[in-house]
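Scroll down for the structure; my scribbles are underneath it.
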Amino acid sequence: MKALVKQQAEPGLWLMDVPEPRTGPGDVLIKVLRTGICGTDLHIRSWDGWARKAVTTPRVLGHEFVGEVVSVGDAVRDVAVGDLVSGEGHLVCGSCRNCLAGRRHLCRGTVGLGVGRDGAFAEYVALPATNVWVHRAEVDLDVAAIFDPFGNAVHTALSFPLVGEDVLITGAGPIGIMAAAVARHAGARNVVITDVSPYRLELARKAGATLALDVSGTDIAEAQRLLGLKEGFDIGLEMSGRPEAMRDMVANMTHGGRIAMLGLPAEEFAVDWSRIVTSMITIKGVYGREMFETWYAMTVLLEGGLDLTPVITGSYGYADFDAAFDEAATARSGKIILDWTV
Ligand SMILES: [Zn+2]
Ligand SMILES: [Zn+2]
């Protein structure tokens, strides 16, 4: 089968013929229809410091996908041939304290699809049935292909109650934009999103942000002035991993404000801890999706009319992966889809 492979420990990706994945009794074999390109894949392609530590070659990339089940192992009960499915990209150990307690998203031994094991940028991908989400309601295939990052957005946005709250999102990448749409849908009063890319700020407006603020020339206090806020933001969703964003967020939170942090900083940085203490701010780290509460929430949010299509800005056949990755790496793109059926 064709697959996008990190074949050599150097920058680049290789479209190659590789053997179809092998499956065990608890596994499902899926014919991949469409995939989403993630920041993780861009890191692996460019072979930066994180990728060199996290990935051994050769490795088939990709964790965001939708596909159709073509075979199931003897022990699989709840997934059937012909089901339209996406996959939870974190494979958990099943035996640590958190796994045993049903808190699988907190597993200490998580392995990432397309990072620590072969992934979904291929004609076929194999997954344990316990990592498969069956789309039982009708869903747009491009949207189904990005359930994994959509889940990051939902998990982060719904970390704290949002009804009537003023929400600040720093970072208008695809997940930040989806989080803005979720926050509005879930009943937030104001949803402010910040970035330095006018293109992405415009996508965020389309997705429902109350105010999309370019912080290249101003700061978050300006958003408070524009909206007439007096006491700061109630909820912060940090999606950029950037020190200046986190510092400016902390400076603009209300007393008792709550921050969910998904953006992954590249290195340590200082924040005003005295402000966090005296403003009594709660900070929660978010990684991945709750299995499978977040997936349930994603499905019902879409059924309830949440529209993610503004965040999808490009689609390529898999053979044009280089052009697709180049576009995904610019700030003039949202989510880019690879089609594996053309
Ligand atoms: Zn991803
Ligand atoms: Zn575990």
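The values are calculated or read from the model by the stated rules, or taken from the named source; none is laboratory data. Everything numeric here is computed off the predicted structure, so don't read it as measured data. Positions of Cβ are generated from backbone atoms using ideal geometry, with glycine treated the same way; all protein chains shown enter the neighbour counts. Heavy atoms of the whole protein, side chains included, go into the accessibility calculation; ligands, DNA and RNA do not. Shrake-Rupley method; radii C 1.70, N 1.55, O 1.52, S 1.80 Å.
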Query raised in the report: Quick one: of the DSSP bridges fully inside the chain, what percent are antiparallel, nearest 5?
Result: 55
**Report entry** region 258-270 - phi-based ³J(HN,Hα) in whole Hz, Karplus 6.51/-1.76/1.60, Gly and Pro as x
**Finding:** 10, 10, 9, 10, 9, x, 9, x, 6, 7, 4, 8, 8
Query raised in the report: Among the trypsin sites (Lys or Arg not before Pro) within region 192-273, which fall in a DSSP loop and have no more than 10 other Cβ atoms within 10 Å of their own Cβ?
Result: Lys230
Query - Relative contact order (%) - criterion: Cα under 8 Å, at least six apart; region: the chain - result: 17
Requested in this report: Mind grabbing the base-10 log of I(q)/I(0) for the chain at q = 0.07, 0.16 Å⁻¹? Debye formula, identical points on the C-alpha positions, no solvent, two decimal places.
Outcome: -0.29, -1.42
Requested in this report: Compare the peptides 171-179, 52-60 by average per-residue count of other Cβ atoms within 10 angstrom and give them in order, highest first.
Outcome: 171-179, 52-60
Requested in this report: Report in % the part of the accessible area of the chain that belongs to carbon and sulfur, leaving out ligands and nucleic acids; probe 1.4 Å.
Outcome: 50
Requested in this report: Pop out the ³J(HN,Hα) list for region 326-333 in order, Karplus 6.51 cos²θ - 1.76 cosθ + 1.60 with θ = phi - 60°, rounded to Hz; leave Gly and Pro as x.
Outcome: 4, 5, 4, 7, 8, 8, 9, 8
Query raised in the report: Fully extended, how many nm does the chain gain between Asp322 and Ser46 (0.36 nm per residue separation, minus their Cα-Cα distance)?
Result: 98.2 nm
Requested in this report: With label points built 7 Å along Cα→Cβ from the Cα atoms of Ala75 and Lys31, find their separation and express it in nm.
Outcome: 2.7
Report task. With runs of 4+ DSSP H residues as the only contributors, calculate the mean residue ellipticity of the chain at 222 nm using -39,500 (n - 2.57) per run, divided by the residue total and rounded to the nearest 500. Result -> -7500 deg cm²/dmol
Report summary line: Diffing region 180-185: the Karplus 3J(HN,Hα) column from phi (6.51, -1.76, 1.60, θ = phi - 60°), in whole Hz with x for Gly and Pro, holds 4, 4, 5, 4, 4, 4
**Report entry** Net dipole in debye of region 160-285 [+1 Lys, Arg Cβ; -1 Asp, Glu Cβ; about Cα centre; nearest 20]
**Finding:** 380
Query raised in the report: Label-point separation (nm) for His255 and Trp14, each offset 7 Å from Cα along Cα-to-Cβ?
Result: 6.2
